[in-house]
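A short worksheet on the structure shown next.
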Amino acid sequence: MDRKQCCVKLSVQPSRGLMDEKFIVLVQNALPGSQLTIRALHQCEDGHSWEAFGHYTADTTGTINVSEDPSIGGTYSGVEQMGLLWSFRPIPGSKSGLRMRKKNIQTPMEVTISVYQGHQTEGFADLVPFSGVAVERWYMAPGVRRIPVTEGGLNAALFLPSGPGPFPGLLDLWGGGGQLVEYRAALLASHGFASMAIDYLTAKITMETGKMVDNQYFETAYRVLQQHPQVCGSKIAMIGLSFGTSITLKMAVYSEVIKLSAAVCISGSHVQPVDGSVEEILRFFQKNGEKTRFSEKNEVIWRDLLLPIPTDPSLKVNVGRLQCPLLLVVGEDDQNWPSQESALDIKEMMARAGNSHLLTVLSYPNAGHLIEPPYTPHARSSTFKTVEIEEKVMCLWGGQTVEHSRAQEDAWKKMVVFLRENLYGGRKPTSFSHL
Amino acid sequence: QKRWGNLQAVPPILSITPSRALVDEKFQVLVENLPPGCPVTLHSLHHSEDKDDWEAYGHYVSDHRGVVSVTEDLSFGGTYTGKEPMGLLWSMRPVPGSREGLRLRKINVCTPMLVNISVHSGHEDFRDRTPLASALAERWYMAPGVKRIDINKQGVQGTLFIPPGPGPFPTLLDMWGGGVGLLEYRSALLASRGYVSFSLDYLRSEHLSADVEFKYFEVCAIYILMNHPQVIPDRVGILGISLGSMVAFNLTAYSTIIKVNVVGKISFLFDAVILWIDSDETVSLSHFHKAHFDENNYMSWRSFALDLIADPSNNVEVGRINCPMLLVNGCDDQNWPTVETAEEVSDALRHGSQTRGTPDNQGSVTVCFSVILLWGGHTKAHSDAQEDSWRKILSFLQLHLYHSPSVKAKL
């Protein structure tokens, strides 16, 4: 080992942070002008290893500050404060089609950040770094409580913020892959919303009888949330991604029971048989299955299944009847759903109906379908299994990594502000410097 | 009953950023969504390991946007006043009705200190109302990846903390004061800042009635430490506080074992020497019973210690110390006459370097104020001192143990 560099000091501050908080990675005491690689390593729950790294040159004081200095190579380049997280990719030799998702959100994501001599691109496992630190990234803030919800046959988890409450509520829905996906709800609870993540495609009744849930399932979830002593029943919003958008728009417009104060729809569409059940909507998509396309790499492209946007009003949620603010988040390179075309049509419908003041559209060039919380590694494609098909397919989601990552950061920030404004009401919120 | 509190239908939002931090890191406490010009009280509460409740509070008034920022705004009263971003921690004191003589010190360093911060409406009698909002902060002594190892080897007992990473690391021998058993939190925090740190237990009950052998430290502690694979043997320092600094001083000045390794060795201590020992190199604890009690019935050893210092045969030959030294002392230290002794030490070092002309003697740096516990239940001046001195200590350590021109010259 080069003795002169033996006391290179690496620090990451804060060493424990929430998933959407920034950190500062600092190298000190390096030889001025020396070339160094800063690398992040993470082993996820299913055993796969992910890495990200940047190539730097120490300045005249022997310092590198990742939030101020440019990376000149690696998995990211330029001045990228959080590049070591969002540019994570599976280590060489991993199987293809991986996507990083945390299942157990009560423990932190553990990342090891190390600094190596020279500009390295591979073989890190055989190198000894100068220095390494451990970093924890949490979905749950201290004091946030997780409560499983099973009444009425629900497969759900409620996350309550710390404090006496009462808190505005949030129903959180994901897409066609089913399962109970909790991490976004946990993170939103860390921002003051009583958030209930709901599995509506692989609930107990569906697993046992094969039948899809009906509208009552969602209304039960809404009622459970509304009646919780720490939830403000008159301030409940819904957030859906992908197929979750279909459910959210449906409930927002047609439900007699669910009265939303706001809705957030990410990467989805309003195209569906009007007020159809979950079963009916899925069958509608399947009917158009022959419109499936394939990329040169044989990845499945499903965005055409709902195109062209129909003119028949019985095939679209009547967004002109919407009575609450709606935030649409669109990745313009979405290869899975026609979210951009749908957003344009929604805008037109609302303009004609006179309620477009309720609509905000965030549209991101070169962002794909999976618009996740900040710094989530971008998956342009991954293996995917929907509840309707037997085998896994390689699904093309779309998006270019740098722009997709920026879109995630920007959309999240604006989404939290949108939810605060509509659920906490009154004054305009001020400082979100930690986002 | 669902209700929003005394104010309005919309609840305020209290946020702590970051919500998880090391104990020497700052946080920002922010309350939003209040009505403008609203009097509120920010209250912190900690339930200690000894099952006592500690609290601090500040009275604030929200601005025209309905915001209270503890970082930016002034507290009008409570346990702290003025602009005090960390006031909710350092001004903590036992809640009314607690038992006497409490001191806030964490024993289990593997778990965080939990502090609940809440906002209440009003100033007077704020406690009578339930909080409008609250949030929990975790304050950690151990950074992720720091390893804690119990050491019981060749009669040496203590706790070793090793930073994450490949190592090896510059190392510190951490000597606490008398009468409190083994305290690990400073070592845990130093390991979180990149130093292997060994909290040495040298005052176990079986030793209290006998003289503690110098040899114990010298042969066992230093030798074991210096041979540890994660330790860089020529980058070892000693920290001592109170009684510990006396031991540290003696080790540095008199130890022959240490002298062998002293080439390139750098050591330092804080809190000035509080007792000069005699030349047979044993520490005599029998002197300590000669304390006096002040009007509050608190014990002070200051006056008898001054007598001891006045007798030169009691003094450690400071000129023999051959490395950079940082002295941190409290100008109002009633426990030991640290200011007087620091001055003597400075004089002796200056004189020594003039007569011997050794370029290696880096002299001393004297910094006022003492360090006991970061942000834990003390007055404003003391806390400012703690923040300031801790920052300077970390800089001093980084300069001399991570990066020192004299070390580089010797390599």
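The values are calculated or read from the model by the stated rules, or taken from the named source; none is laboratory data. Predicted, not measured: the structure shown is a model, and the values here were computed from it. Neighbour counts are summed over all protein chains in view; Cβ atoms, including those assigned to glycine, are modelled from backbone coordinates with ideal geometry. Keep in mind that these areas ignore ligands, DNA and RNA; they rest on the heavy atoms of the full protein, side chains included. Shrake-Rupley method; radii C 1.70, N 1.55, O 1.52, S 1.80 Å.
Between residue B:227 and residue A:49, what's the calculated FRET efficiency when r is the beta-carbon distance and R0 is 41 Å? Round to 0.05.
Between residue B:227 and residue A:49 the formula returns 0.75.
Please pull out the direction-averaged projected area of the range B:45-146, using the convex hull of its alpha-carbon atoms, in nm² to one decimal place.
7.9
For a 18 Å ceiling on Cα separation, which of these pairs sit above it: A:211/A:316; A:287/A:316; A:103/A:413?
Correct reply: A:211/A:316; A:103/A:413.
Give me the distance in nm between label points sitting 7 Å out from Cα along the Cα-to-Cβ direction at residue A:257 and residue A:288, one decimal.
So the label points at residue A:257 and residue A:288 sit 2.9 nm apart.
In what sequence, largest accessible area first, do B:47, A:369 appear using a 1.4 Å probe?
Descending accessible area places them as B:47, A:369.
Suppose we keep just the DSSP beta bridges with both residues in the range B:81-200; what percent of those would be antiparallel, to 5?
So the antiparallel bridges in the range B:81-200 amount to around 80 percent.
Return the FRET efficiency for the residue pair residue B:108, residue B:391: r is the Cβ-Cβ distance, R0 is 22 Å, and the value is rounded to the nearest 0.05.
0.25
As a test, work out the antiparallel percent of DSSP beta bridges whose residues both lie in the range A:145-424, rounded to the nearest 5.
40
Provide the FRET efficiency to the nearest 0.05 for the residue A:304-residue A:127 pair, computing r from the beta carbons and using R0 = 35 Å.
The pair residue A:304/residue A:127 has a calculated efficiency of 0.15.
Would you kindly work out the equivalent ellipsoid of the range A:60-137 from its C-alpha gyration tensor and give its semi-axes, the square roots of five times the eigenvalues, largest first in whole Å?
Sorted largest first and rounded, they come to 23, 17, 14 Å.
Quickly work out the residue B:150-to-residue A:77 label distance, labels modelled 7 Å from Cα along the C-beta direction, and quote it in nm with one decimal.
5.4
Once you place label points 7 Å from the Cα toward the Cβ at residue A:360 and residue A:297, how far apart are they in nm?
The modelled label-to-label distance comes out at 3.4 nm.
So what is the diffusion coefficient of chain A in µm² per second by Stokes-Einstein at 4 °C and 1.567 mPa s, using a Kirkwood Rh over Cα pairs?
It diffuses with D of about 57 µm²/s by this estimate.
Given 5 Å bins starting at zero, what is the percent of C-alpha pairs of the range A:1-115 in each, up to the one with the largest pair distance?
Final binned percentages: 2, 11, 21, 22, 18, 13, 8, 4, 1.
Please report the buried accessible area for the interface of B with A, total over both chains, probe 1.4 Å, in Å² to the nearest 100.
Roughly 3800 Å².
Among the listed pairs A:297/A:347; A:291/A:347; A:259/A:385; A:204/A:392, give every one whose C-alpha distance is greater than 28 Å.
As for pairs spanning more than 28 Å Cα to Cα, those are A:297/A:347; A:259/A:385.
For a quick check of your reading of the filter: which trypsin sites (Lys or Arg not before Pro) in the range A:1-87 sit in a DSSP loop and have no more than 15 other Cβ atoms within 10 Å?
Loop-located and lightly packed - none at all.
Put +1 on the Cβ of every Lys and Arg and -1 on every Asp and Glu Cβ in the range A:276-435; which of A:359, A:404, A:286 then has its Cα farthest towards the positive end of the dipole?
It is A:359, whose Cα lies furthest towards the positive end.
Charges on Cβ only, +1 for Lys and Arg, -1 for Asp and Glu, centred on the Cα centroid of the range A:145-424; of A:242, A:189, A:327, which one is farthest towards the dipole's positive end?
Checked the options; the winner is A:189.
Sketch the reach of a paramagnetic label on residue A:205 as a point 7 Å from Cα along Cα-to-Cβ, and name the residues of the range A:133-162 whose backbone nitrogen lies under 15 Å away.
Under cut-off, by backbone N: A:150-156.
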